[in-house]
There are 2 protein chains.
Amino acid sequence: MASKENEIIRRYFNKESDRDDVLIGVGDDAATVRLPSGMELVSAIDTIVEGVHFPAHFDPGDIGYRALAVNLSDFAAMGAEPAWALLSLSLPAADESWLGSFSDGFFGLAGRYNVALIGGDLIRGPMTATVTVLGHVPAGMAITRAGAQAGDLVYVTGSPGAAALGLAKLTNPNAQDSGLEQFFRRPQPRVQQGIALRGIATAMIDISDGLLTDAGHIAMASGVRINFDYDALMKISRGELTAAFCGGDDYEILFTVPEKKLDALNAATAGWTCGPGCIGKIEPGQGLIMPGHDLAAYSGYDHFA
Amino acid sequence: MASKENEIIRRYFNKESDRDDVLIGVGDDAATVRLPSGMELVSAIDTIVEGVHFPAHFDPGDIGYRALAVNLSDFAAMGAEPAWALLSLSLPAADESWLGSFSDGFFGLAGRYNVALIGGDLIRGPMTATVTVLGHVPAGMAITRAGAQAGDLVYVTGSPGAAALGLAKLTNPNAQDSGLEQFFRRPQPRVQQGIALRGIATAMIDISDGLLTDAGHIAMASGVRINFDYDALMKISRGELTAAFCGGDDYEILFTVPEKKLDALNAATAGWTCGPGCIGKIEPGQGLIMPGHDLAAYSGYDHFA
């Protein structure tokens with residue numbers, strides 16, 4: 001009764017991991033794992049679709065990497081630790097070389113964060129990959145979008161807009177060689193940074209939908225206004241403010257910190273190579289402003305706009 | 001910063017549930033829930049694709065129902081209790097009427113099993129729906145495919161093949177009116193039955209890939225041979241043995257029980273309206289046999305055969 005489907009799963013997706021908390025992994029109807037005591041269960045799901053989230057004929061290793069990275073970035077944004085993943089992969093055909101590269105990209109990133117693939121689904125269909133990541137956070141320590149308060153400072157890691165500029169280069173051979181392709185191909189989810197911000201950040205989000213859209217989510221969820229600092233934004237985005245505000249696909253984290261926690265922030269971020277940069281402050285009110293500039297000129301990506 | 005995507009999520013997918021173990025639900029980067037103590041975390045993921053798992057223009061309420069049901073059936077097969085779900089929905093366009101029906105189908109079934117939708121993803125793309133269900137099972141009580149032993153009896157719930165016959169009717173208006181469409185449109189996952197079999201069944205699987213394929217999975221995982229009873233199979237399948245063996249899409253459960261547990265089985269199944277029927281026994285050896293019949297004449301569905 002062995003089938004091609006099972007053979008593919010066995011060969012490319014049933015990999016040993018170092019985790020001893022996986023009780024039943026790939027190969028049964030469902031997986032079981034042991035959650036450490038005192039922890040809340042954290043979960044996130046994301047689908048990436050060829051032609052929507054990455055160009056057709058994108059490197060399959062990069063697809064495998066991104067399918068997991070987008071979820072790890074969600075974990076980063078909660079201050080949560082990823083542990084296990086489920087993968088549902090839909091493919092028009094079973095190309096062994098493609099599957100090998102995809103698997104390498106996926107497990108290369110999974111290994112770096114000690115994430116075990118514990119289950120999945122493989123079907124024939126349009127090229128899409130959906131990953132659910134499961135993990136944990138100490139009870140009550142998850143960092144939501146809703147905790148920002150007037151007086152907090154607003155920080156972002158890395159260089160927002162880099163992924164969008166990298167994608168432009170990937171899809172247009174005549175685009176200026178920006179050296180930024182890797183920010184789209186292999187973005188670094190800020191998992192360790194998110195964990196280090198527990199007890200320091202009052203609100204946090206990743207900016208995968210674009211800095212402006214995601215900052216708007218914090219403003220709305222927290223019931224506050226964000227006042228952006230134009231000079232600081234120009235500096236961290238190397239002058240590419242439209243890409244920074246609207247680009248999307250950056251797996252950087254945007255977070256807010258009260259003044260009284262600035263010493264703790266400095267201590268926590270001392271060894272970081274990805275900033276963070278202070279790009280504004282939280283005020284009473286709602287929405288987003290940048291004095292002297294009209295933010296309506298910018299807009300984020302909306303799948304159904 | 002409100003977007004169409006967020007508006008759709010708010011309107012159709014952000015529903016209150018009665019569960020007080022959901023700490024952070026729909027609307028943040030990830031969800032957090034509280035797992036009861038003494039429980040292992042159980043997870044399953046499945047994708048359904050238009051034209052592969054259901055016909056084009058299938059009723060959207062049925063799609064929403066099936067997207068969740070296929071995972072609940074995986075939980076049934078482990079003897080696990082579902083609690084939370086994540087939904088990733090890819091759609092070519094945002095049709096409000098379609099979304100309303102899909103949502104009704106999904107939440108109608110979710111409510112029946114007290115499953116809370118805690119997160120998701122909504123993207124523009126080909127029509128596919130991926131659901132991850134999370135839940136729990138008391139430590140050490142999950143029922144895998146690997147525990148069948150020589151001497152065990154083999155049982156199945158319901159009437160295998162009913163879904164395939166129902167699908168044939170749905171896709172061919174000239175097919176005999178079998179009254180079986182609902183077995184494809186709204187299959188009943190056997191969640192309560194699976195839970196009732198904890199401590200009784202030695203191995204269990206759902207037969208969504210077809211009875212023969214899934215029985216083969218138990219035989220291989222357990223290192224045993226399954227000897228089918230032709231007369232018993234003919235009886236529970238109303239003579240439609242090819243549909244029963246190869247049909248797929250049945251959300252019935254196949255399980256094995258040692259003779260010494262038959263009293264417990266009878267007590268546990270006394271109120272069931274879905275059998276179970278005894279269709280064979282476990283023997284030393286490997287593979288599947290049915291005395292007097294060549295099983296090679298039958299084969300299950302393989303996505304990449």
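For this structure, a couple of remarks:
- Average other protein chain Cβ within 10 Å of Cβ, residues B:206-218: 2
- For chain B, a simple Cβ point-charge model (Lys and Arg +1, Asp and Glu -1, everything else neutral) yields a dipole of about 400 debye relative to the Cα centre.
- Shape category assigned to the stretch A:153-297 from the gyration tensor of Cα positions, a/c cut at 1.5: oblate
- Förster radius 22 Å - calculated FRET efficiency between B:HIS57 and B:ARG112, Cβ distance, rounded to 0.05: 0.30
- The calculated FRET efficiency for the pair A:CYS274 and A:TYR230, based on their C-beta separation and a Förster distance of 25 Å, comes to about 0.70.
- Averaged over peptide A:116-127, the number of partner chain Cβ atoms lying within 10 Å of each residue's Cβ comes to 6.
- Magnitude of the charge dipole, the protein assembly as shown, Cβ model with Lys/Arg +1 and Asp/Glu -1, debye to 20: 600
- Listed pairs A:LYS4/B:LYS235; A:LYS260/A:LYS281; B:LYS260/B:LYS281; A:LYS15/A:LYS169 exceeding 25 Å between Cα atoms: A:LYS4/B:LYS235; A:LYS15/A:LYS169
- Long-range tail of P(r) for chain B (Cα pairs > 25 Å, %): 50
- Peptide packing for A:211-219, A:93-101 was compared via the average number of neighbouring C-beta atoms within 10 Å per residue; ordered from the highest value, the list is A:211-219, A:93-101.
- FRET efficiency estimate (nearest 0.05) - Cβ-Cβ, B:LYS15 to A:ALA264, R0 41 angstrom: 0.60
- The stretch between B:ASP104 and B:ASN172 holds 21.8 nm of extra length on full extension. This uses 0.36 nm per residue minus the Cα-Cα distance.
- Fraction of antiparallel bridges per DSSP, chain B only, in percent to nearest 5: 75
- Taking 13 Å as the straight-line reach from the Cα of B:LYS261, the aspartates and glutamates in range (excluding those fewer than 8 positions away in the same chain) are B:ASP152.
- Mean residue ellipticity, 222 nm, helices only, chain B: the sum of -39500 (n - 2.57) across DSSP H runs of n ≥ 4, divided by residue count and rounded to 500, is -9000 deg cm²/dmol.
- The separation of the stretch A:1-74 from the stretch B:94-167, counted between C-alpha centres, amounts to 19 Å.
- Remark on the protein assembly as shown: hydrodynamic radius 25.2 angstrom, per the Kirkwood mean of 1/r across alpha carbon pairs.
Bear in mind these aren't lab numbers, they're just calculated from the coordinates by the rules spelled out. What you are looking at is a predicted structure, and each value in this text was computed from that prediction instead of being measured. Because the Cβ atoms are built from the backbone with ideal geometry, glycine has one as well, and the counts that use them run over all protein chains shown.
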